[in-house]
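Just so it is clear, none of the values below were taken in a lab; they were calculated from the coordinates. Predicted, not measured: the structure shown is a model, and the values here were computed from it. No Cβ is skipped: glycine too gets one built from the backbone with ideal geometry, and neighbour counts run over all protein chains shown.
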Amino acid sequence: MLIIRDIIVVIFLFGGLFFLTVGVIGMIRLPDVYNRLHALGKCDTLGSGLIIFGMIFLVPGMTNIVKLLLMGILTFTINPVITHLITKTAYVRGTALADDSFVVSTYYEEEEGEFFMGEGDK
């Protein structure tokens, strides 16, 4: 039974390491801030979550497990929100897209009936 637990822990830890490595490669290789934040937001959340879940099997004591579960819950709620906030801030400030990128949807202000393209575009 101990060998199965160790195999599960190794799978979770290396899975988390894989996703964090892919996020770093995406940070280096992708062209603009929007693509980079997309890669980092997904890979950071999943990689950290897998590592935290793998650590749950390693630590002794219920208080440590509860602390790791709290860290996992905070990671899965805070990372996507902060990534969205940074992306929206870059969009509002008018940060340029890469050459072949396009916007699928924009923030729309219903009262004025115009698209919200940034502070300088009004």
Nitroxide proxy distance, nm - points 7 Å out along Cα→Cβ at residue 100 and residue 84: 3.0 nm
Cβ-based charge dipole, the chain, positive-most Cα from 73, 16, 38: 16
Span-like helix ranges in the chain, DSSP H, alpha carbon extent 24 angstrom or more, Kyte mean at least 1.0: 2-29, 62-92
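Specify whether the C-alpha gyration tensor of region 8-96 places it in the rounded, prolate or oblate class, a ≥ b ≥ c being the square roots of the eigenvalues: rounded for a/c under 1.5, otherwise prolate if a/b is larger than b/c and oblate if not.
Values: a/c = 5.54, a/b = 1.86, b/c = 2.97.
Judged from the Cα gyration tensor, region 8-96 comes out oblate (a/c at least 1.5, b/c at or above a/b).
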Simple label model, 7 Å out from Cα along Cβ direction - residue 71 to residue 27, nm: 1.8 nm
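Per DSSP helix of 4 or more residues, -39500 (n - 2.57); summed, then divided by the residues of the chain. What does that give at 222 nm, rounded to the nearest 500? Write out the running numbers ahead of the final one.
Values: 3 runs with 83 residues, N = 122.
Calculated from helices alone, the mean residue ellipticity at 222 nm is -24500 deg cm²/dmol.
Highest first, please rank the peptides 68-81, 41-54 by the mean number of other Cβ atoms sitting within 10 Å of their residues. Numbers along the way, then the final one.
Numbers: 68-81: 13.9, 41-54: 19.8.
In decreasing order of mean packing, 68-81, 41-54 become 41-54, 68-81.
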Coil-residue trypsin sites (Lys or Arg not before Pro) of region 51-105, DSSP, other Cβ within 10 Å capped at 12: 93
